[in-house]
Structure formats: C-alpha cells, structure tokens
Amino acid sequence: MGSSSFSLASKVKLYNGHMIPQIQLGLYMMSGKEVLASVPWALAEGYRGFDSAQMYHNEAEAGQAIRKWLESSENTSGPNLKREDIWYTSKLASSSTSYDAVRKSIKRSVKACGLGYIDLFLLHSPYGGPEARLTSWKAVEDAIDDGEVRSGGVSNYGVKHIEELMASNPRIEPAVNQIEVHPFNTQTAIRETCAKHGILVEAYGPLARAMRMKNPTILELAKKYACTPAQLMVRWSLQHGHVPLPKSVNRERLIENVKVGGFEISEEDVKRMDGLDEHLVTDW
C-alpha cells in the first residue's frame, strides 16, 4: 500500500462491479437536525458515501440533505456532482417471514430518501430466524431487479448466518457485511468468511466509539505516526481493506478523522494493533 493511497476519493470494487467509496460517514445515532447539518459539511469536504438505516429514523433528512446540496451553487459551480456520484446506504429494520412486508419496507426507504434508488440496501441484523433471513433476502434480490436498489448486503451477520445465506444458493449474492470492527474487536473469523465469499467488510464503530482513544498502544503509535488516535484507527481499517464508517457531528472532527493519506502503518504495527483485540462490543 502506498502511503498516500487513501483519501475520500478512494473507491473499492464490489464483486458486482459497483465502485463504493472507501471512507463513508456513518449517520448512526444522529438526529434529523444533525444529519441536515453534517451531510452538507461532509459533501463539501469530499465525502461521497453516507450510511443510514430505517432504525436511525433519519432516512428522509439524509436524502433531503444530499438532494439539496447537489442542487446548491456550491456544487453546481464547483464539483458539479450528480446523484450517481453519491453512494447512499440504508438497512431493513427487521427481517420478516412476510416477503410483502419486506418488499414494501424497501419501497418506503427508497421513497423516504427521495434519491430515486438506494445504492446499497442491507438486512440490518440476523434476528428473526433462518426463514425470515432468507425471505428478506429474496425481497432484496427483487428490489435490485426492479432498480430500487443497486447492491444488496447484510449487517451484523456472523459466520453461520453468512454460510446459511450462501448455502441457499442466492440468485444475487450479498456484496457487503457491515459489522463492528476496530483494533479492540477484530472479528477475524467473520472477516475470513467474508473474504472466502468475496463479501466486502464495512466497519462500523471504527473508532470504538471513542472508548479506547487513551489506550497506551494507540497513543504511542499515534505519536509515532504524528496522527490522531482516530486517524490511526481509520487507517488501520483501510489497510485491512475495510470500508470504515467513522461518525461525527462535529465539523472539524468529521474532516480531521479522515485525513489519513499522509502516513502508512507498518506491517509490524498493524499486527500490534491487531493484538489489542478484547472482543469489545460497543453496540448490539
């Protein structure tokens, strides 16, 4: 990896050929008001991916903020981005054995954001049992066929959930599994299973929700690489090939967190960070 190989412009190719921004803004636990403020800041700074969900209750604001910014003079007289330059993700609140309920739910999400389609739609959790998981996945496949969704995936899926879905011989395979991953919860088994099936790992909580910013190893390495602990953790995620979704409602931090192009963590130090794993779960 070249030392300046990552920026907000970096993209990664999914197995289906779609290019996904490699650093995105997570909209988790943001109020509608915070989303309306943060998304335009992020777009102005070069963020091109936004991660929402039905459970976040901010899909409408996320879509509104994106649409409004695309039409603003800041965009039209500047970068002049179009809808297809933005990557928007949402997630199903709960899987169901009712195909129609899931199908309607996806349509509601598309309508709520007002963006015409959703780039990536995920099953938010494996709750509900095998039948609900597989029925819900069929609804995602059909939403892709109908052009409502471009790519489908899953979230919080463990090894057995991924294997179950792949064993069902899905017509369209999941492109992504979004899980909590950071040096304090490295999720090696799930990551290996995803790699085996060509599924990209998206890392939520890549900063461990700021619970370990004062960890001695993190502080020592941040000093060594002249970066912040947050930048170190985002860079760790990127060097592992993940798509991190750092979240911040603070304009300065939202910019600072992703300035990770100026340094590269050595292989030895990446391993040291891997060794911090304590199965720390900050969510779910």
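Scan (1) within 25 Å of Met19 (Cα to Cα); (2) assigned to a helix (DSSP H, G or I); (3) open to solvent by less than 40 Å² (accessible area, probe 1.4 Å); (4) not basic (Lys, Arg) for the single condition Ser125 breaks and write down its number.
Failed condition: (2).
Can you tell me which residue within segment 150-166, out of those that are hydrophobic (A, V, I, L, M, F, W, C) and over 13 Å from the mean Cα position of the chain (by Cα), is surrounded by the most Cβ atoms within 10 Å (Cβ to Cβ)?
Leu165
Would segment 170-183 turn up any residue that is closer than 20 Å to Phe50 by Cβ, part of a loop (DSSP other than H, G, I, E, B), in contact (Cβ under 8 Å) with a residue 40 or more places away in the chain and open to solvent by less than 50 Å² (accessible area, probe 1.4 Å)?
yes
Quick check on segment 201-228: of everything there that is out of contact with any strand residue (DSSP E or B) (no Cβ under 9 Å at 6 or more places or on another chain) and buried (at least 21 other Cβ atoms within 10 Å of the Cβ), which residue is nearest to Gln178 (Cα to Cα)?
Residue satisfying both the conditions and the ranking: Ile218.
Please return the ranges of helices (runs of 4 or more DSSP H) entirely within segment 219-284 where 2 or more residues are within 27 Å of Ser31 (Cβ to Cβ) and within 23 Å of the chain's Cα centre (by Cα).
229-239, 251-256
Based on this model, can you work out whether Lys111 counts as more than 16 Å from the chain's Cα centre (by Cα) and either at pLDDT 95 or above or within 23 Å of Gly17 (Cα to Cα) (or both)?
yes
Any chance you could count how many residues in segment 180-189 are over 19 Å from Ile218 (Cα atoms) and touching a helix residue (DSSP H, G or I) at 6+ places or on another chain (Cβ under 6 Å)?
Counting residues in segment 180-189 that are over 19 Å from Ile218 (Cα atoms) and touching a helix residue (DSSP H, G or I) at 6+ places or on another chain (Cβ under 6 Å) gives 1.
I'd like to verify a number: residues in segment 240-284 that are within 21 Å of Thr89 (Cβ to Cβ), open to solvent by 50 Å² or more (accessible area, probe 1.4 Å) and touching a strand residue (DSSP E or B) at 6+ places or on another chain (Cβ under 6 Å), how many?
1
Before we move on, is Pro216 of a type outside the set (Lys, Arg), at pLDDT 95 or above and within 21 Å of Asp283 (Cα to Cα)?
No: the conditions fail for Pro216.
Is there any pair with a first residue in segment 127-151 that is closer than 14 Å to Leu165 by Cα and a second that is surrounded by fewer than 19 Cβ atoms within 10 Å (Cβ to Cβ) and among the hydrophobic types (A, V, I, L, M, F, W, C) whose Cβ atoms are under 8 Å apart and which are 6 or more apart or on different chains, and what are they?
Val140/Ile172; Glu141/Ile172
What is the one condition in (1) assigned to a helix (DSSP H, G or I); (2) more than 23 Å from Lys91 (Cα to Cα); (3) open to solvent by less than 50 Å² (accessible area, probe 1.4 Å) that Ala189 does not satisfy?
All conditions are met except number (3).
Could you please let me know if Asp100 is more than 18 Å from Gln178 (Cβ to Cβ), within 17 Å of the chain's Cα centre (by Cα), modelled with pLDDT of 95 or more and open to solvent by 20 Å² or more (accessible area, probe 1.4 Å)?
Spelling it out, it is not the case that Asp100 is more than 18 Å from Gln178 (Cβ to Cβ), within 17 Å of the chain's Cα centre (by Cα), modelled with pLDDT of 95 or more and open to solvent by 20 Å² or more (accessible area, probe 1.4 Å).
The values are calculated or read from the model by the stated rules, or taken from the named source; none is laboratory data. Model, not experiment: these values are computed from the prediction. Here the Cβ is made from the backbone with ideal geometry for all residues, glycine too, and neighbour counts use every protein chain on show. The accessibility values were calculated without ligands, DNA or RNA, using every heavy atom of the protein model including side chains. Shrake-Rupley method; radii C 1.70, N 1.55, O 1.52, S 1.80 Å.
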